[in-house]
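Here is the structure we will look at.
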Amino acid sequence: MLADHANAPYDERLGNSGLRGGEIWWPAETDVSIRPGWFYHEDEDAQVKTPVQLVRMFEDSVGRGSNLLLNIPPDQRGIIFEPDVASLTAFGEAIHASYARDLAQGAVAQASVERGPHFSAAKVLDGREDTYWSTPDGVTTPSLTLDLPPGRAFDLIRIAEYLPLGVRVTRFAVDVEEGTKGWREIADHECIGAQRIIRLPAPVTTRRLRLRIVDAPVCPAITEIALFRSVAPRVVPRIRSKNAALLDRSAWRIIASSAPGAEAILDGDATTPWQAGPTTSLTIDLGKVERMSGFTLTPLRDVTEKSGPPARYAVETSLDGKHWQPLKDGEFSNIANARQTQRVRFDSIASGRMLRFTFPLVATAAPTIAIAEIGAFAAPN
């Protein structure tokens, strides 16, 4: 979203959306790690982001004009761990294959209006970054149509503005022509900028595609419209953590929780949180009596106004689900800002079949708590 605040100073509340007319500008940066935390931890080997997740991150960052800064931490050997390499390799292969051929090449571009021969509709297809289609100053909501060669199916659309003239488009839409049925809208978004990648739910085949500028304060300057057919990344099997310090969670099950959906904390996916609260409780059956030296908690890394990480914790253990022994309580230091996996050691070795957690407070002003994963450390032999 581009808020229109002419000559207004930067407002952090609008910073993640864009501030039109602000006094300063800098390129957006998307900082994220391939693991739940920023540094290598053996207990996160089974939580490396999959190639599919990396592709989604690419489209949500680079595909929205942002720079993707992907953290890839080396292990204790000083090299990138094998599961990370496998996921990155499959991700890279998929990106290269998906964008290898621009299916818009060979099309004929026509616009509702052109500024002149140096700014014709054909400029969006010439592969150059220093040319663009534009309109007279007073025309801010034009359209451009591509007549495509037959039989080309695509599900990725890439559009780019000529950035030396600024981010001009506030809102745009994309249509495809369906024979006698006429035009059908397939996308409607805010902002194009450096580039906007649109992934369609399924590939479409059409002879004509139309870009409509729905809202812009000045005439547009569009330097590219490109079409691609996505290639799904090959599957990289998730590894089961071989860390002897971690308990095997395969037999764990949720037997009580203050909100539904708590099974998400055991699915091995740090992007699928359990949300509850603001006072949250959770009971886990470990499947058998275990000797434990501590627990791990991975909060949801996404920063949202709807949920935040827990600020405090209390954990108890039980052999029978009736008699409970307190193990430890305390706070997660700086978890609101550094949303990494928390590793809490008990003061002494504990034995139990069940763990009960209570999280009495959200670390932010959000109304609910979001927890992605919970694990436990095995007691040393």
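Rounded to the nearest whole Å³, what is the per residue volume of the convex hull around the Cα atoms of the range 134-205?
Looking at the range 134-205, the number lands at 113 Å³ per residue.
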Run lengths n ≥ 4 of DSSP H only: what is the helix-derived mean residue ellipticity at 222 nm for the chain, with -39500 (n - 2.57) per run over all residues, to the nearest 500?
-2500 deg cm²/dmol
Contour excess over end-to-end distance, with Cα ends at Thr141 and Arg238 and 0.36 nm allotted per residue:
30.1 nm
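Using only alpha carbon pairs under 8 Å that are at least six residues apart, calculate the relative contact order of the chain and give it in whole percent. Don't skip to the end; give the middle numbers.
Values: 908 pairs, mean separation 59.7, N = 381.
Result for the chain is 16 percent.
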Would you work out what percent of the accessible area of the chain, with all protein chains in place, is carbon or sulfur (probe 1.4 Å)?
51 percent
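Summing Lys, Arg as +1 and Asp, Glu as -1, what charge do residues with Cβ under 15 Å from the Cβ of Gln275 carry, Gln275 excluded? All intermediate terms of the calculation are to be shown ahead of the outcome.
Details: positive: Arg301, Lys306, Arg339; negative: Glu263, Asp267, Asp269, Asp302, Glu305, Glu373.
With Lys, Arg at +1 and Asp, Glu at -1, the neighbours total -3.
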Give me the percent of DSSP beta bridges within the chain that run antiparallel, rounded to the nearest 5.
90 percent
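Given a 1.4 Å probe and heavy atoms of the protein chains only, how would you sort Trp26, Trp324, Trp252, largest accessible area at the top? Show your work: numbers first, answer last.
Values: Trp26 135, Trp324 60, Trp252 20 Å².
Heavy-atom accessible area, descending, gives Trp26, Trp324, Trp252.
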Rounded to the nearest whole number, the Stokes-Einstein translational diffusion coefficient of the range 225-315 at 4 °C and 1.567 mPa s (Kirkwood radius, C-alpha pairs) in µm²/s is 80 µm²/s
Rg (Å, one decimal) plus Dmax (Å, integer) for the alpha carbons of the range 50-116?
18.1, 61
May I ask you to give the solvent-accessible area per residue for the chain, in square angstrom, as obtained with a 1.4 angstrom probe?
50 Å²
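Return the subset of Lys288/Lys328; Lys181/Lys306; Lys49/Lys322 for which the Cα-Cα distance in this structure is over 30 Å, preserving the input order.
Details: Lys288/Lys328 21 Å; Lys181/Lys306 41 Å; Lys49/Lys322 38 Å.
In this structure, Lys181/Lys306; Lys49/Lys322 exceed 30 Å between Cα atoms.
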Once the other residues with Cβ under 10 Å from the Cβ of Trp183 are scored (Lys, Arg +1; Asp, Glu -1), what is the net sum?
+1
Using a 1.4 Å probe, how large is the accessible area of Glu178, given in Å² and rounded to the nearest 10?
70 Å²
Keeping every protein chain in place, order Arg356, Arg168, Arg56, Arg312 by accessible area at 1.4 Å, biggest value first, i.e. largest first.
Arg56, Arg312, Arg356, Arg168
Sorted largest first, the C-alpha extents of the range 299-381 along its principal axes in whole angstrom are 40, 28, 18
When you take every Cα atom in the range 162-320, what is the radius of gyration, and what is Dmax, the widest Cα pair distance, in Å?
24.8, 71
Kirkwood Rh and Cα-based Rg: tell me the resulting Rg over Rh for the range 75-211, rounded to two decimals.
1.07
Hey, what's the Cα Rg ratio for the chain versus the globular rule of thumb, 2.2 N^0.38 Å?
1.22
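The values are calculated or read from the model by the stated rules, or taken from the named source; none is laboratory data. The shown structure was predicted, so the numbers you read here are calculated from the model rather than taken from an experiment. Using ideal geometry, Cβ is built from the backbone for each residue, glycine included, and neighbour counts are taken over all protein chains shown. The accessibility values were calculated without ligands, DNA or RNA, using every heavy atom of the protein model including side chains. Shrake-Rupley method; radii C 1.70, N 1.55, O 1.52, S 1.80 Å.
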